[in-house]
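Notes follow the structure.
The values are calculated or read from the model by the stated rules, or taken from the named source; none is laboratory data. Keep in mind the model is a prediction, meaning the values are calculated, not measured. We place every Cβ from the backbone using ideal geometry, glycine too, and count neighbours over all the protein chains shown.
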Amino acid sequence: MIRLLTSRESKEADRLAISRGMPSPVLMERAALSVLHTMQHRGMPLDRVLVLAGSGNNGGDGIAVARMLCEKGYTPSVLLTGSPDKYSDGMRHQMELLSWYQPTFVNSYEAGRYSVVVDAIFGVGLSREITGPVRDLIDAVNADSSVRVIAVDIPSGIHADNGSVCGTAVRAERTVTFAYGKPGLYLAPGAEYAGEVRTAAIGIPVPDGGAQTGFSQRYLLEQSDLQKLPARDPFGNKGTCGKLLVIAGSKEICGAAYLAGRAALVSGAGMVRILTEHANRIPLAASFPEALISTYAADTCDPSAYQTLLTWADGVLIGPGIGTGKDARSLLAWVLRTFDGPLVLDADALNLIAADSELKNLLIQAAGSMPGRIVMTPHLVEMSRLTGLSVSEIRSELFETAEQYACATGAVCVLKDAKTVIAHPSGVSCLMASGTSALATAGSGDVLAGIITALHTAASDRGTVCAAESGGGAVCAAALGDLVHGLAGRSAGETYSARAVTAADVIGQLHCFL
């Protein structure tokens, strides 16, 4: 996992490093070296480089890159966008060092003249809209298809905390960010502008997280985190590897039950039983012979008749395709009141809770007894119903919304978007940025719910249902489920093309990552 810090936290981490004896000029030198090394490693031609430098320390990093190119015998061009009377101490120092050499200073951008542009105009502190000549400059660079762009710490114009575009922003081929990641590099639309991101160590220790330190505990999931998947018992059998009850499907919707149940089985569950409306029995029996099937008649469901199913189950998923009628509500209330094991709430279960204060109270009571036992998987519209916030408000504060909801309810919140945030009530949250447009297909959410249920139940069986360590050791099983889902979706997109992928195709790729 990669630690993520906000703009405020990044500045505080820098300050702490300097206050503890790490000289600021050393940090700037190491930052510039990491950018230069990336340019060399990626085969960027160094004979026609233009450095765009602002007036702050980000500009100082860029000027240091220009000086290092001069030291190697190149003659870079430099375009200064800030006023000298606003230079930071670091920028002023680097300009003094650069005066020993003979770079070329230019006043405007000339398309086709440069092979590489080093973007060092604005750093992580930018929050205002870019206007005027700087905006024109950025737009001119973006319009030049012949130039390769590398951004210093963050593409100029991208908000470091939420990835929004501040009027305009540099589109980089690569971004070299320093010490730790910034959320805006991985959230949409910032991720599109950042390109390939490299996190370079420059001598700033990553601070401990937690409310007492003033630093959040946010992480970016990487494929290597799959090593933390719950271990499978080598001496287990179908009865000990997780018995899952999937309450899904309605008279009009059978596919959700199949997709969620199949994904759970492929993700390691030993047995899957589906409780669904009676009309679904025959199609499920034909398409999913491995599943056990229990049914109820529409409009006559008495949940108490199925209490033995909850006693049998190690974990429960409820919600995909169940609708929001009286059967669905009674089943959800029954599960919240009587089941005390790993529980995943998805789709219509979330819509029911959003519209019913009694169900909301049942959720809080059930989740509060063991924070992290219940997992909720809302997409943005469902989260809007649950919180009363608009979709745009949620998207602009993806981390904050998920974290506040997890804290308020005691449930793990898997807030789904192009990039998904998984917030644990312990205060640890993860970002899954490996998603793909291939997952924008009907049934994809049902597959995710099934994966999470299987892994969440397996983790609970091993006493790690609430595991989430600030040191990056354990990861919430729901976060790993989302990572597996994203990687499987990407693999399916590479196999069939993103446009052609179906939810069943995603299930077909799960074996590559589990």
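Note on segment 205-299: enclosed strands (runs of 3 or more DSSP E) holding 1 or more residues that are closer than 24 Å to Gly508 by Cβ are 243-247, 271-277, 292-296. For segment 82-117, filtered to residues that are hydrophobic (A, V, I, L, M, F, W, C) and either in a loop (DSSP other than H, G, I, E, B) or not assigned by TED's automatic domain parsing to the domain that holds Val26 (or both), the residue that is farthest from Gly43 (Cα to Cα) is Trp100.
Scanning segment 94-108 for any residue that is on the phi < 0 side of the Ramachandran plot, in contact with a Leu (Cβ under 6 Å, 6 or more places away or on another chain) and not basic (Lys, Arg) turns up at least one such residue.
For segment 118-140, the set of residues classified as farther than 20 Å from Gly43 by Cβ and among the hydrophobic types (A, V, I, L, M, F, W, C) consists of Ala120, Ile121, Phe122, Val124, Leu126, Ile130, Val134, Leu137, Ile138, Ala140, listed by residue number. Filtering segment 332-377 to residues that are within 23 Å of Ser250 (Cα to Cα), surrounded by fewer than 24 Cβ atoms within 10 Å (Cβ to Cβ) and small (Gly, Ala, Ser) leaves Ala333, Ala354, Ala355.
Here Val197 fulfils each of the conditions (1) of a type in the set (A, V, I, L, M); (2) closer than 30 Å to Phe513 by Cα; (3) assigned to a loop (DSSP other than H, G, I, E, B) apart from (3). Within segment 420-448, track down each residue that is of a type in the set (A, V, I, L, M), in contact (Cβ under 8 Å) with a residue 60 or more places away in the chain and more than 28 Å from Pro371 (Cβ to Cβ). Listed by number, the residues that qualify are Ala438, Leu439, Ala442.
Within segment 349-385, restricting attention to residues that are in contact with a strand residue (DSSP E or B) (Cβ under 9 Å, 6 or more places away or on another chain) and of a type in the set (D, E, K, R), the residue that is modelled with the lowest pLDDT is Arg373. Quick check, is Ala160 part of a loop (DSSP other than H, G, I, E, B), at pLDDT 95 or above and either hydrophobic (A, V, I, L, M, F, W, C) or within 20 Å of His37 (Cβ to Cβ) (or both)? Here the answer is yes, as Ala160 does meet what is asked.
Just checking, does segment 277-287 include any residue being out of contact with any strand residue (DSSP E or B) (no Cβ under 6 Å at 6 or more places or on another chain), modelled with pLDDT of 95 or more, outside the structural domain of Ala328 (by TED's automatic domain parsing) and farther than 22 Å from Leu343 by Cβ? Scanning segment 277-287 turns up no residue that is out of contact with any strand residue (DSSP E or B) (no Cβ under 6 Å at 6 or more places or on another chain), modelled with pLDDT of 95 or more, outside the structural domain of Ala328 (by TED's automatic domain parsing) and farther than 22 Å from Leu343 by Cβ.
For (1) touching a Pro at 6+ places or on another chain (Cβ under 8 Å); (2) among the acidic types (Asp, Glu); (3) without any contact (Cβ under 8 Å) to a residue 40 or more places away in the chain, each residue gets a yes or a no:
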position: Thr377; (1), (2), (3): no, no, no
position: Met383; (1), (2), (3): no, no, yes
position: Glu393; (1), (2), (3): no, yes, yes
position: Ala402; (1), (2), (3): no, no, yes
position: Ala406; (1), (2), (3): yes, no, yes
position: Ala411; (1), (2), (3): yes, no, no
position: Val414; (1), (2), (3): yes, no, no
position: Asp417; (1), (2), (3): no, yes, no
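Give the residue, chosen from Ala151, Ala169, Ala194, that is in contact with an Asp or Glu (Cβ under 8 Å, 6 or more places away or on another chain) and either closer than 20 Å to Pro133 by Cα or not assigned by TED's automatic domain parsing to the domain that holds Glu400 (or both). Residue meeting the stated conditions: Ala151.
Residues in segment 498-514 that are closer than 8 Å to Ala438 by Cβ and outside any helix (DSSP H, G or I): Val501 alone.
The residue that is surrounded by the most Cβ atoms within 10 Å (Cβ to Cβ), among those in segment 174-190 that are in a loop (DSSP other than H, G, I, E, B) and in contact (Cβ under 8 Å) with a residue 60 or more places away in the chain, is Lys182. Screening the candidates Ala349, Ala333, Ala328, Ala367 for the property of being within 21 Å of Leu265 (Cβ to Cβ) and part of a helix (DSSP H, G or I) yields one hit, Ala349.
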